[in-house]
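The values are calculated or read from the model by the stated rules, or taken from the named source; none is laboratory data. Small disclaimer: the values here were computed from a predicted structure and weren't measured. Methodologically, a virtual Cβ is constructed for each residue, glycine included, from the backbone with ideal geometry; neighbour enumeration extends over all protein chains shown. Surface accessibility is based on the protein's heavy atoms, side chains included, excluding ligands, DNA and RNA. Shrake-Rupley method; radii C 1.70, N 1.55, O 1.52, S 1.80 Å.
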There are 2 protein chains.
Amino acid sequence: MSKVRQILDMNAFDATQGGTGAVARRLANLGAASVLFYREPIEMVSAKGAWMVARDGTRYLDFYNNVPSVGHSHPAVVEAVSRQIAVLNTNTRYIVEVVDAYLEALKDKLPAALSNVVMTCSGSEANDLALRVARAASGAQGIIVTETAYHGNTALVTEASPSALRRGTLPPHVVTVPAPSRAAFGEDIAGGFRAAVEAAMAELQGRGLGTAAFLADSIFSSDGIFADPAGFLRPAVEAVQAAGGLYIADEVQPGFGRTGDAFWGFARHGIAPDIVTMGKPMGNGFPMAGMAARPDHLAAFCEDVGYFNTFGGNPVAAAAGLAVLQVIAEEGLQENARTVGAHLRAGLEAVAADAPQVAAVRGAGLFTGVDLCSPDTPDIPDAAVTVRIIDAMRDAGVLIGAAGRYGATLKVRPPLCLNRDEADRFINAFANATRTTL
Amino acid sequence: MSKVRQILDMNAFDATQGGTGAVARRLANLGAASVLFYREPIEMVSAKGAWMVARDGTRYLDFYNNVPSVGHSHPAVVEAVSRQIAVLNTNTRYIVEVVDAYLEALKDKLPAALSNVVMTCSGSEANDLALRVARAASGAQGIIVTETAYHGNTALVTEASPSALRRGTLPPHVVTVPAPSRAAFGEDIAGGFRAAVEAAMAELQGRGLGTAAFLADSIFSSDGIFADPAGFLRPAVEAVQAAGGLYIADEVQPGFGRTGDAFWGFARHGIAPDIVTMGKPMGNGFPMAGMAARPDHLAAFCEDVGYFNTFGGNPVAAAAGLAVLQVIAEEGLQENARTVGAHLRAGLEAVAADAPQVAAVRGAGLFTGVDLCSPDTPDIPDAAVTVRIIDAMRDAGVLIGAAGRYGATLKVRPPLCLNRDEADRFINAFANATRTTL
């Protein structure tokens, strides 16, 4: 079992122990694929903005779920979906105006070279397609990912998601590099990371596979959130591109304004991806995702196989996606992510000064990682401490999860509509949790 | 290019020719992944029941799209989605009552042994997961599919979809068998098909891979629709199961009452699938799909990797799925598929008696295949005739597509709410088309 998997499982409900009531019912329905969070799972009944409400009436501040990015049950998205689904829901074999209107609105946010957008249902489907496009465009087979990456759940993408492995090893066409952390590379993250990616390329070359793609989440969500210094990704990406490989920016988590500094995570690094994949927040919960690519790259793939996605790019998804883009613009959510995110990190850094379990606070916009350690030994990540903090936060009415190689990094990612009062509430709850779980 | 791909392309808009207006706009957005239907694509603006309405006001009777199975824009589905999305849309890390209510309603329709249901976003994701579950459960690697099968668009599932290949060959772990047609096996379809599947198993054994799964759409939608004699699948399936392989019933197209005789296509054959996958009509257009499996099989897979699907099993999908099941029951749509389907086939057979281009009419419920041939040579499938018929039907206000090894089988699959008047309208349009396209 990979370390991160083991740790994530520590906070999950243990399905092998059985359950009662609603939990037993869920286990009977989903079996081994149950992934209920918390050792005592929560039954939810409603949600609005940054808040979720449980069956027992408890209100939880949601710092975990990054799908309802413009806020749970946002009225503009609800209205757009309700209006469109009553009129027309079909596929891209026909022309439907709202679909092209959405594709154009999305392309306005993307690098001009990536002018073809293929709509899918999930980020997994988008990454699965992106890897094949990269192989067709490059003529190579190898894939480079970070050591605790997660890119989705299809067969191909699971192979490129070390954090999903419970046992066994990666296939020969996948080579990992360390996450771009100070722990791995010291002060020269850009140089160290480039050298690691170059070594991975040499390894793939030695295996006779070459490098089709460097696939990376531009804020390294599963690896533990590594945002700074902005620009550190550039030398690694340019090395891959210089050798004929493609850089696939997996924006499923950092995209759509979350990092505050830019609409996409890759833009913080001043790099030009060859492919951009996106998902989770794209429809604020309506199942939709997509892949943007250069026309010649997409055409190279389509010479081999036809690609059609029945639900991908349906008019209801397009309406939801348009509403999300409009809300981000009209409510200034990218700027809100930047300012409230900075306020949140400043508060967490103040807590860290007095909390011996907090080793580091870092991030961009409303995506922050908080490294937890054994008290007094800040260089030893501590998953058990992390579990206790997560449970204490839950008791205080705050939803939060963990990531990272050691499962000891809190993933702090509230909706982009978070206000300062809600940020302060999180800071206070975290301060209390650090005091009570020592 | 595979024959079927070539033929489907014949009826599709030729993207290499460019376009004007709305078509040019779409090509600029989707590029080589454009799959617009008709050489002059249609812009749609609304749809209701069995009818779609184009921008120019033309009303089309929809005999092509099998997703809006209970009828386009069905008010019960619209209401269910609109209500749930305004209250709570989250993931299966939490318990939400409507999700388990849906899983249980679905399981009531499934064989009792398949008591774990994993929800996904698309039939492709469901089949991708099913193949991996079959490999984990069987310990083998090989996959058997029919020669013109289509099972989805992920990397793994595309390998098992010969009809998606434009060039290149299938990988060593995929072996095909002919479609269960009289053309391939004469009168003893059950015996011939079993022998073909046994030969494929021997081939996979010889390659050192063994047989993990026989993956088959139980009405063979892409191969040209082969429904009779009911029961013919049983010997082949039992041979696979006796050797330790799994039978995956791909019910993405025949499921949810379409065949009239039963809720699932496999039930017509009196067989017990090891895994059932489902999709398209499940949410009447809301993106959702699923895989039902035995708990021990699912557990075998989950020992190797964790599986979580962000959008799969969200409460809005569950609400849509529940509405679909309720509408099928309350409106008697399975029985309607049986009776109106029989009426439709009787009418088409009457047309066939006078139409030299019609070689055969066959099917079950509201899923009918019509083989088209060169006039006076009924044993030579004719794709060019098929294209002319499809275009003539479009001119008459009827949407219809083609399938089959030669692209010369009309795929007749209207919504299950079709009434007799609408069936008669199709019969008349088809009779006219056969007369005017000679």
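Only residues that are away from every other protein chain (no Cβ under 12 Å) and either part of a loop (DSSP other than H, G, I, E, B) or surrounded by fewer than 17 Cβ atoms within 10 Å (Cβ to Cβ) (or both) were counted in segment B:38-53, giving 2. Of everything in segment B:59-83 that is away from chain A (no Cβ under 11 Å) and open to solvent by 10 Å² or more (accessible area, probe 1.4 Å), the residue that is nearest to B:G283 (Cα to Cα) is B:A76.
Tell me, yes or no, whether segment B:385-407 has at least one residue that is crowded, with 24+ Cβ neighbours inside 10 Å and of a type in the set (K, R). Checking segment B:385-407: at least one residue is crowded, with 24+ Cβ neighbours inside 10 Å and of a type in the set (K, R). Checked against (1) outside the structural domain of A:N419 (by TED's automatic domain parsing); (2) in contact (Cβ under 8 Å) with a residue 24 or more places away in the chain; (3) farther than 23 Å from A:D250 by Cβ, A:M282 meets all criteria but (3). Apart from one condition, B:R132 fits all of (1) open to solvent by less than 20 Å² (accessible area, probe 1.4 Å); (2) at the interface with chain A (Cβ under 7 Å from one of its Cβ atoms); the exception is (1).
Six or more apart or on different chains, Cβ atoms under 9 Å: show the pairs whose first residue is in segment B:77-100 and at positive phi and whose second is open to solvent by 30 Å² or more (accessible area, probe 1.4 Å). The qualifying pairs do not exist here. Scanning segment B:260-318 for residues that are among the small types (G, A, S), more than 10 Å from chain A (Cβ to nearest Cβ) and in a helix (DSSP H, G or I) turns up B:A267, B:A318.
For segment A:82-120, filtering for residues that are of a type in the set (D, E) and touching a strand residue (DSSP E or B) at 6+ places or on another chain (Cβ under 6 Å) leaves 0.
Across segment B:386-397, not a single residue is classified as free of Cβ contacts under 8 Å to residues at least 24 places away in the same chain, more than 24 Å from A:Y94 (Cβ to Cβ) and more than 22 Å from the chain's Cα centre (by Cα).
Out of curiosity, is A:I427 open to solvent by 10 Å² or more (accessible area, probe 1.4 Å), farther than 30 Å from A:Y102 by Cα, in contact with a Leu (Cβ under 8 Å, 6 or more places away or on another chain) and not in a strand (DSSP E or B)? Spelling it out, A:I427 is indeed open to solvent by 10 Å² or more (accessible area, probe 1.4 Å), farther than 30 Å from A:Y102 by Cα, in contact with a Leu (Cβ under 8 Å, 6 or more places away or on another chain) and not in a strand (DSSP E or B). Kindly indicate whether A:F256 is within 17 Å of A:Q334 (Cβ to Cβ) and open to solvent by less than 20 Å² (accessible area, probe 1.4 Å). So A:F256 passes the test. Of the residues making up segment B:27-37, those that are within 7 Å of chain A (Cβ to nearest Cβ) and either under 20 Å from the mean Cα position of the chain (by Cα) or in a loop (DSSP other than H, G, I, E, B) (or both) are B:V35, B:L36, B:F37.
Applying the set (1) part of a loop (DSSP other than H, G, I, E, B); (2) of a type in the set (D, E); (3) open to solvent by less than 30 Å² (accessible area, probe 1.4 Å) to A:D56 leaves exactly one unmet item: (3). Residues that are within 28 Å of B:G186 (Cα to Cα) and of a type in the set (K, R) do occur in segment B:403-411.
Where helices (runs of 4 or more DSSP H) sit wholly within segment A:145-236, those with at least 3 residues that are more than 14 Å from chain B (Cβ to nearest Cβ) occupy A:182-185, A:189-206. Within segment A:135-144, the presence of at least one residue that is more than 7 Å from every other protein chain (Cβ to nearest Cβ), touching a strand residue (DSSP E or B) at 6+ places or on another chain (Cβ under 8 Å) and either of a type in the set (S, T, Y) or within 20 Å of A:G224 (Cα to Cα) (or both) is confirmed.
Scan B:N91, B:N66 and give me the residue that is among the polar types (S, T, N, Q) and at pLDDT 95 or above. Outline the logic, then answer.
Details: B:N66 fails: at pLDDT 95 or above.
Going through B:N91, B:N66 in turn, just one is among the polar types (S, T, N, Q) and at pLDDT 95 or above: B:N91.
Scanning segment A:210-223 for residues that are touching a helix residue (DSSP H, G or I) at 6+ places or on another chain (Cβ under 9 Å), of a type in the set (G, A, S) and crowded, with 24+ Cβ neighbours inside 10 Å yields A:A212, A:A213, A:A216, A:S218, A:S222. How many residues does segment B:353-384 hold that are in contact with a strand residue (DSSP E or B) (Cβ under 6 Å, 6 or more places away or on another chain), open to solvent by 10 Å² or more (accessible area, probe 1.4 Å) and not in a strand (DSSP E or B)? The qualifying residues number 1. Would segment A:229-245 turn up any residue that is closer than 28 Å to A:A318 by Cβ and touching a residue at least 24 places away in the same chain (Cβ under 8 Å)? Scanning segment A:229-245 turns up no residue that is closer than 28 Å to A:A318 by Cβ and touching a residue at least 24 places away in the same chain (Cβ under 8 Å).
Whenever a residue of segment B:104-117 is touching a residue at least 24 places away in the same chain (Cβ under 8 Å) and hydroxyl-bearing (S, T, Y), its partners that are assigned to a helix (DSSP H, G or I) and open to solvent by less than 10 Å² (accessible area, probe 1.4 Å), lying with C-beta atoms within less than 8 angstrom and at least six residues away or across chains, give the pairs B:S115/A:N29.
Quick check: anything in segment A:18-25 at pLDDT 65 or above, within 23 Å of the chain's Cα centre (by Cα) and crowded, with 16+ Cβ neighbours inside 10 Å? No, every residue in segment A:18-25 fails to be at pLDDT 65 or above, within 23 Å of the chain's Cα centre (by Cα) and crowded, with 16+ Cβ neighbours inside 10 Å.
Among the residues making up segment B:185-203, those that are open to solvent by 40 Å² or more (accessible area, probe 1.4 Å), under 21 Å from B:F226 (Cβ atoms) and free of Cβ contacts under 8 Å to residues at least 12 places away in the same chain are B:F185, B:E187, B:D188, B:A195. Kindly check whether there is at least one residue in segment A:226-236 that is open to solvent by 40 Å² or more (accessible area, probe 1.4 Å), within 30 Å of A:V70 (Cα to Cα) and of a type in the set (D, E, K, R). Yes: segment A:226-236 contains one or more residues that are open to solvent by 40 Å² or more (accessible area, probe 1.4 Å), within 30 Å of A:V70 (Cα to Cα) and of a type in the set (D, E, K, R). Of all the residues in segment B:110-122, those that are within 29 Å of A:A289 (Cβ to Cβ) and more than 10 Å from every other protein chain (Cβ to nearest Cβ) number 2.
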